[in-house]
Structure formats: C-alpha cells, structure tokens
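**Q** Here it is: the structure, laid out below.
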Amino acid sequence: MDSDAMRVDGNAVSGILGEVFFQEMTAARIACGGCGKVEAVGAEHVYTQAPGIVMRCCHCDSVLLVVAHTEQTYRIGLGKARWLELAEER
Amino acid sequence: MTLEDEMGVELRRWSWESFQGLASDEIRADIHCVTKWSKLDTTWEGVSIDTLLDGLDHKATHAMAFSEGDYLTNLPLEDLLDGKAWVVFAYDGLPLEPEHGGPARLLVPHLYFWKSAKWVRGLRLMDHDEPGFWESYGYHIYGDPWREQRYAGD
Amino acid sequence: MARAAVRGRLSWVLGEVVELIDETSRVRTIVLDVPDWPGHRAGQHVDVRLTAEDGYQAQRSYSIASAPEDERLSLTVEGIPDGEVSSYLVGELRVGDMLELRGPVGGYFVWDVQMGGPLLLIGGGSGVVPLMSMLRHHQASAAMLGARLLYSSRSWDDVIYRDELERVTSSTNGPEVVHTLTRSQPPGWTGYTRRVDSQMLAETAWPASSMPSAFICGPTPFVESVAAALVILGYPPASVKTERFGPTGG
C-alpha cells in the first residue's frame, strides 16, 4: 500500500532484526499465510517510513511481520507469517 | 470518505466528487515525525474536520481514523476540531501522491506524524479511547511532540 | 581474512579511518582498520553509528566494498542531500577518525565463489557497491567462472570505481563490464545511453540456460524492473537476488 519507490527489503532492516532475533536474519525463510509462498527475509518487501518497520509479502502484500522498537522494548507483530525458519547456531 | 459511529453505522459519506466540493483551507504547518525529524513549513490543501462534522449530532469524545490496508490511529475528538486537523488532498500545490498518502490523508500537525493517517478512508466516532495500530505496538496513545510523547509511558 | 561468522549477536566495534578515496564528486570510499574484524562475505553491509556531542545518535547501513580477501575494510558512501550521516561521512570525516560499526550483516544478498556462476551483477548508481565486493572477490579468488557487470550511471563522471573497472576488464579472466550512461555521455561514447530495459538485458545478460546467479542492487524501482525483466528472460526467480536502496540510493 505504501508507495513502491519508498519500499526496501529485508536487507535494509537486518540490523534491527539481528537485535531481535540475536542472529543474522536476511537468509532466514518466511512463509506467507496469505499466499503460501516462502522467501528469504532479504527478498521480502519492507517499509521503514513509519514509527516501526512493516514487512509485507513480496508476492501478495500481506503483512508478515511488524517490529516496533519503543523504549527498551521490541514488540513484534507476527502478522500473517505462517512460520519463520532460522538456521541453528553453530 | 465516511464518518461512522462505533457500531460501524455510517453517519455521513462523501464521494470523491462531493468531497472536492466542500470548502477547503490552505494549511501551512510544521510536521514532526517520531523518528526524530521535523519538516518545517509544509503546505497542504484540505477540508477541515470541523467542516466534515458540521451540524452532526453526536456524543463522541474520540475518533479512530481508518485507512486502506487496515491502518488505524486514534485521536481525541477535540484534537481534530477547531482548526487543528484536516483531510488533505494536495501537498505543495500539487495533488497528493500515493507515497505521501494520496489521494487523501489525515493531517494533524500538532501531534506526531503517525497520527496523520495516510490513505484515510474515514473516521469512526467513539465514546472512548482505544489504541490504533502503532499505539498497540507501544507508541504513545496521544503523541504530543512538544512533550516528546513517543512511547507509551513517556 | 577469516570467513565471517554471521552467527550470534553483533556488537559495535571501532574502526580507524586510514584512507579516504573520492570516487566521484559525491561518492567517497572510507578505508578502515578494524581490529578483530571477523571477516565478511561479498555483498554484506555494516551499520555505522554516529554520536554527536549532545548524545544524539544516528545510524545507517552501508555496503562493504572490499573483498573478503582484502586486508582492510572499505565502505563506499554516496552523499545524499540532507543526509545527516552521509554528508558527514563524505564531507567531514578525516583520516585518523574513529567510526562505530556493527557487522557484517547479510546472509541473503551474498556471493561466494563456492556458490558458482556465471555471475551477473546489475547495479544502478551506488547500488554497484556490494556488487564491487563480489567482483573483487571473484578477482581475488581467481575464480574460473564468468562474471559480468551491467552498471547504470548518470554520466561518466558518476561512475564509481571507474579506473579499477577499466583495469580489470582488460586482465585475463577479468569480468566483462558494460556501462550505460543515462543522462550524459562523453564525446565519442558508443555504449548504451538509456535506462536498463529488457532489450539491454537480452543483449548483455548470460543466457538463462547457463544457470547464472544474478544480483541486482540500486534504487527500488530500478531493482524491481530489472528483476522482473530477468525472470521474463527465463531466469528462475530464486536465482535473482535483490537489494533495494529505497527511492534514490544507498
């Protein structure tokens, strides 16, 4: 819904995702509960022109994840993400 | 653009054409984004909320602005009246572009800019306050930039 | 340089500016000495944080320009009008200054020689930076696979790494570099003069049958239209990786 030109992708928010998930997230895979497609977080659309960040499925625009970083708290909205897959730490 | 009551019953509705036919103001304002930047002296054109509510009999104390894509943001009604808020359709003399919230967005310059809902579709009049989208995520329920009310508890 | 451990929580580290290179009138490369740098993969980036005297902090992400094999870490930054961090980095930073960095970050838009090729790199403006890291890695590892860069710039003066790109294209096993200059061209220019489009890609990209790995970086509209065009040319979507810099650039 946000303007196309303003959007970025999961690469642009790897910093905050790394703070939340304690690991590199752009290669993590996320399944959309809206259309079923699975993509790397780095490939998904992200909108940053807001108080927090909104990640939307690059295929069907469903909101997958919302991350709001307020004072000393991260609130993560799980949106329409069906699952998020992270590689195990080694 | 619609006005609704809490039950979702439509109180008033304007089509794009009829909306454009309402009296509009030229607004010059500073806007404050919660991510710590401000843009000074922005110019807009829009219809004041006073005009939209004119003559409407209601007992509402608050309103929830709703937009395309399920975005919601809540405001006390008194912050929308007396020349403090508009539904704007032009920025800097030109029709409002989608990336700035066009064709129409709410403009409430005295509060943090996330309250100025983009792609606004209507206002739901309420007799109580409840958090909208970013407010549910921990942002301040009111959002006064002069008191730096960014987060809940500020 | 050790292969980057992209695991675990990253913390801020300090790097010392040892060299500054003006690539173009608005773009500067910052070469840093970062003790205990864990290493990185081509395509990754770092977060840079500036702290003002009053404690105000601003943070931005910049792609790493250096190859994993390089001794020092380089970041290439484009100065954006009204960009509070980029104007400082391009205009005020001096050799000897310290910079706070966090990284490397990135696990999707990365390429290592082991991932194979041939490699197709398509960059718009400052989008060329992470692609340059990939190209430098390709050179340093003497990879026996093809690499091609299609690079869109406004003018010859805006081409970042111009001399280095000229040099590597003339070396054996060097990459092929195709420029397109969209706003103005030097006298005698015989290359492309328009924005990257399907026709240009059809003429310059590896055929899909050679199973290339494609990386596209630059402004969002550029990245999205090029990615769509590659898929129409037969590239499997999974072989096309994208990094969007937003409306104008990184």
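Derivation of every value follows stated rules applied to the coordinates shown; laboratory data play no part. The structure displayed is predicted, hence computed values, not measured ones. Cβ atoms come from the backbone with ideal geometry, glycine included; neighbour counts cover every protein chain shown.
**Q** Report the antiparallel proportion of the DSSP beta bridges in region C:113-244 as a percent, rounded to a multiple of 5.
**A** 0 percent
**Q** Still on this structure, please answer the following. What is the mean number of Cβ atoms from other protein chains located within 10 Å of the Cβ atom of each residue in peptide A:51-58, rounded to a whole number?
**A** The mean count of partner-chain Cβ atoms within 10 Å per residue comes to 4.
**Q** Ok, one more. What does DSSP give for the protein assembly as shown in terms of the percent of beta bridges that are antiparallel, rounded to the nearest 5?
**A** Looking only at bridges with both residues in the protein assembly as shown, the antiparallel portion is about 75 percent.
**Q** So the label point goes 7 Å from the Cα of A:GLU71 along Cα→C-beta, right? Which residues of region B:17-49 then have their backbone N under 20 Å from it?
**A** B:33-37
**Q** Using mean Cβ contacts within 10 Å as the protection proxy, how do B:78-87, C:219-228 order, highest first?
**A** Output ranking for B:78-87, C:219-228: C:219-228, B:78-87.
**Q** Do any of A:LYS37/B:LYS115; A:LYS80/C:LYS241; B:LYS39/B:LYS59 go past 31 Å between their Cα atoms, and which?
**A** A:LYS37/B:LYS115; B:LYS39/B:LYS59
**Q** Send over the Kirkwood Rh of the protein assembly as shown, from the inverse of the averaged 1/r over different Cα pairs, rounded to one decimal Å.
**A** It is 24.4 Å.
**Q** Students often check this: by mean Cβ neighbours within 10 Å, which of C:124-136, C:86-98 ranks highest, and how do the rest follow?
**A** Packing order, densest peptide first, comes out as C:124-136, C:86-98.
**Q** Now a separate question. Mind pulling the per residue volume of the convex hull built on the Cα atoms of region C:113-244? Å³ is fine.
**A** Per residue, the Cα convex hull of region C:113-244 comes to 100 Å³.
**Q** To the nearest µm²/s, what D does Stokes-Einstein give for chain A at 20 °C and 1.002 mPa s, using the Kirkwood radius over alpha carbon pairs as Rh?
**A** Approximately 165 µm²/s, per Stokes-Einstein.
**Q** Give the calculated FRET efficiency between B:ASP54 and C:LEU145 to the nearest 0.05, with a Förster radius of 56 Å applied to their Cβ-Cβ distance.
**A** Working from the Cβ atoms, E equals 0.20.
**Q** Could I ask something else about it? For the peptides A:76-84, B:64-72, what is the packing order when you average, over each peptide's residues, the other Cβ atoms within 10 Å and list the highest mean first?
**A** For the peptides A:76-84, B:64-72, the packing ranking is B:64-72, A:76-84.
**Q** Now, a different point. If you take the Cα atoms of region C:1-150, find Rg, then find the Kirkwood Rh from the mean of 1/r over all pairs, what is Rg/Rh?
**A** 0.96
**Q** Taking just the C-alpha trace of chain B, give me its Rg and Dmax in Å.
**A** Looking at chain B, its Cα Rg and Dmax stand at 14.5, 42 Å.
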